[in-house]
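K.L.:
Before I ask anything, here is the structure I am working with.
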Amino acid sequence: MRNVIVTGGSRGLGLGIVRRLAKSGYHAIAIARKEGDEFAAAKQEAEASAPGSLDFIPFDLTKIDNIPELVTMMRERFGAIYGLVNNAGMSTEGLLALTAIARIEQVLRLNTLSPIVLTKYVVRSMMADGGGRIINISSIIASTGYSGLSVYAATKASLVGFTRSLAREVGRTGINVNAVAPGFVNTEMTQGLTAEQRGQIERRSALRRLVDASDVADAVHFLLSE
């Protein structure tokens, strides 16, 4: 089985990606602070159909200084890392003028700094092994904008620039780097939307609905393939 790391893989969109990969013959390694009941159920389900296809590593991705040790540990425990899906993220809603600096720093650390540093150490491993796949989960907001989500939008836009540049940097070594930029995904992160906001988003969507986690998981699965 090829090892694929999925950050924020214990719930929501990340869990949807993890489930899809485990069913498709990959060894999915979910990283998150807590495992949670949803992931425990998914692991039990995976063990029944594909033993050893799903693992969980408890780790706080805002602890930037500990990321090198994390990657070393995973490589020693699981072997070569084929794929990395940088999915973990958080949002902060509200006017920028009223957002605390500490909150801005927290979002930037998890959404931008953490995936860049994690990728730095994973890509070293991939270069040594002769190739791999890196997929960054951005957002449609990176290009369209959304009132009240300026900090979140900034972090997701930064991932697009990071993706484009890193793809040029490591493509010649057999490492594909791509980004997926979904619309509003029907997960816990969008539960705070009012009925009016949801209706507005659905009317603007070509599908006339919010994106489902399985839609994004299918795109990630495709980008991990040959």
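The values are calculated or read from the model by the stated rules, or taken from the named source; none is laboratory data. It should be emphasised that the depicted structure is a prediction, and the values quoted were computed from it without experimental measurement. Note that we place each Cβ from the backbone using ideal geometry, even for glycine, and neighbour counts take in every protein chain shown. For the accessible areas, the whole protein counts, side chains as well, though only heavy atoms, and no ligand, DNA or RNA atoms are used. Shrake-Rupley method; radii C 1.70, N 1.55, O 1.52, S 1.80 Å.
K.L.:
Given a cut-off of under 8 Å on Cα pairs at least six residues apart, what relative contact order in percent is computed for the stretch 14-122?
P.N.:
Here the relative contact order equals 26 percent.
K.L.:
Now for a separate question. Which whole-Hz couplings ³J(HN,Hα) result when phi for each residue of the stretch 13-20 is put into the Karplus expression 6.51 cos²θ - 1.76 cosθ + 1.60, θ = phi - 60°, listed in order with x for Gly and Pro?
P.N.:
4, x, 5, x, 5, 4, 4, 4
K.L.:
Over the chain, what is the relative contact order in percent, taking alpha-carbon pairs closer than 8 angstrom and at least six residues apart?
P.N.:
Answer for the chain is 20 percent.
K.L.:
Follow-up question, since we're still on this one. Quick check on the chain: helices-only [θ] at 222 nm, where DSSP H runs of length 4 and up contribute -39,500 (n - 2.57) each and the sum goes over total residues. Nearest 500, please. Please report the intermediate quantities before stating the final value.
P.N.:
On the way: 9 runs with 109 residues, N = 226.
Taking each H run of at least 4 residues, the total per residue is -15000 deg cm²/dmol.
K.L.:
While we're on this one: What is the magnitude of the charge dipole of the chain about its Cα centre, with +1 placed on the Cβ of each Lys and Arg, -1 on the Cβ of each Asp and Glu, and no other charges, expressed in debye to the nearest 20?
P.N.:
Working: 25 positive and 21 negative charges, 103 e Å.
The dipole of the chain has a size of about 500 debye.
K.L.:
Based on C-alpha coordinates, I'd like the Rg and Dmax of the stretch 1-92, in Å.
P.N.:
12.4, 38
K.L.:
Measuring from label point to label point, each 7 Å out along Cα→Cβ, what is the Ser205 to Lys34 span in nm?
P.N.:
2.8
K.L.:
Provide the per residue accessible area, probe 1.4 Å, for the chain, rounded to a whole number of square angstrom.
P.N.:
Result: 50 Å² per residue.
K.L.:
Another question about this same structure. Express the carbon and sulfur contribution to the solvent-accessible surface of the chain as a percent, rounded to the nearest whole number, probe 1.4 angstrom.
P.N.:
C and S atoms contribute 51 percent here.
K.L.:
Moving on to the next point. If you filter the stretch 1-87 for trypsin sites (Lys or Arg not before Pro), then keep DSSP loop positions with at most 14 other Cβ within 10 Å, what is left?
P.N.:
Loop-located and lightly packed - Arg33, Lys34, Lys63.
K.L.:
Whose amide H sits under 5 Å from the amide H of Thr92, counting only residues 5 or more places off or on another chain, with H placed in the peptide plane?
P.N.:
Distant-sequence amide H within range of Thr92: Tyr152.
K.L.:
Holding the Cα-Cα limit at 20 Å, pick out from Lys43/Lys63; Lys34/Lys156; Lys34/Lys63 the pairs that are longer than that. Working shown, then result.
P.N.:
On the way: Lys43/Lys63 26 Å; Lys34/Lys156 24 Å; Lys34/Lys63 15 Å.
Lys43/Lys63; Lys34/Lys156, as the Cα separations exceed 20 Å there.
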